[in-house]
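Dropping a structure here in structure tokens format, bear with me for questions.
The values are calculated or read from the model by the stated rules, or taken from the named source; none is laboratory data. On a predicted model such as this, the values are computed, not experimentally measured, just so you know. Using ideal geometry, Cβ is built from the backbone for each residue, glycine included, and neighbour counts are taken over all protein chains shown.
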Amino acid sequence: MSTLTVQALNKSYRSGQDRLHVLRDLSLRMTTGESLAIVGPSGSGKSTLLQILGTLDHPDSGTVELAGVDPFVLNEKRLAEFRNAKIGFIFQDHHLLPQLSVLENVLIPALAGGPAVSADFERAEDLVERVGLADRLRHLPGQLSGGERERVAIARALFRDPVLILADEPTGNLDRKTAEKITELLADLQQQSGAMLIAVTHSDSLATAMGRRAELVDGQLVIDE
């Protein structure tokens, strides 16, 4: 069983002559299979928290432990390897490479370790099929709808079988009907994989689909029990 343990996390940024405190002694604990929606107004620090949990930014103080490892004590190379192996990212704007096909975009996490092998292609094709895009394998992102691009992003996030999936407004750019389908797909795949899932969202329907809901208030998470 994998866990995520966050203790006394603090993060601030310089704003003119002052410092803007975004996260204040924030703590959180999750275990395998749990999901959490984080809500709150723009500027409350939701994306900052996600960046730190994804090891893309460092906290000023406090600790993060994922699967028994403190990623912030690792050197740059080992940190990148840890991030690629343990964390899956789903972004609002997809971040798909426009010159690559659906299959090639899903394969991107495999390329950090060298050229893709046959098992990697099989894994990618299976995931593309699971997100309902088996007939789009060779299509480029520009040939897909917004909902289809989000499905590719979900498949890519799951490629390395991560213990933690971080989703930043995954339905933010989608119409209501498409957003509902993506919400259902994301929840189903997360349960099948057993990964922990944290979704930052303004969507009530997505937040409701998660196991727990928390609001980021004054730099701390207030869990809705």
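Looking at 103, 174, 111, 166, which one is within 29 Å of residue 69 (Cβ to Cβ), crowded, with 20+ Cβ neighbours inside 10 Å and of a type in the set (A, V, I, L, M)? So that I can check it myself, show each step before the final result.
Values: 103 fails: within 29 Å of residue 69 (Cβ to Cβ); 174 fails: within 29 Å of residue 69 (Cβ to Cβ); 111 fails: crowded, with 20+ Cβ neighbours inside 10 Å.
Just one listed residue meets the conditions, 166.
Further question: If you go through region 158-180, how many residues are touching a helix residue (DSSP H, G or I) at 6+ places or on another chain (Cβ under 6 Å) and of a type in the set (D, E, K, R)?
2
Taking the condition of being aliphatic (A, V, I, L, M) and surrounded by fewer than 21 Cβ atoms within 10 Å (Cβ to Cβ), how many residues in region 180-206 meet it?
Going through region 180-206 one residue at a time, the tally reaches 3.
For region 144-164, indicate whether the set of residues that are touching a Phe, Trp or Tyr at 6+ places or on another chain (Cβ under 9 Å), of a type in the set (Asp, Glu) and on the phi > 0 side of the Ramachandran plot is non-empty.
no
Follow-up. Going by what's in this entry, would residue 66 be described as crowded, with 18+ Cβ neighbours inside 10 Å and within 18 Å of residue 213 (Cβ to Cβ)?
Spelling it out, it is not the case that residue 66 is crowded, with 18+ Cβ neighbours inside 10 Å and within 18 Å of residue 213 (Cβ to Cβ).
Show the residue pairs that are 6+ apart or on different chains and have beta-carbon atoms under 9 Å apart, the first residue being within region 189-204 and without any contact (Cβ under 8 Å) to a residue 40 or more places away in the chain and more than 20 Å from residue 93 (Cα to Cα), the second being surrounded by fewer than 18 Cβ atoms within 10 Å (Cβ to Cβ) and among the small types (Gly, Ala, Ser).
193/33
Can you tell me which of 26, 20, 79 is in a strand (DSSP E or B) and either on the phi > 0 side of the Ramachandran plot or at pLDDT 95 or above (or both)?
Numbers: 20 fails: either on the phi > 0 side of the Ramachandran plot or at pLDDT 95 or above (or both); 79 fails: in a strand (DSSP E or B).
Of the residues listed, the single one that is in a strand (DSSP E or B) and either on the phi > 0 side of the Ramachandran plot or at pLDDT 95 or above (or both) is 26.
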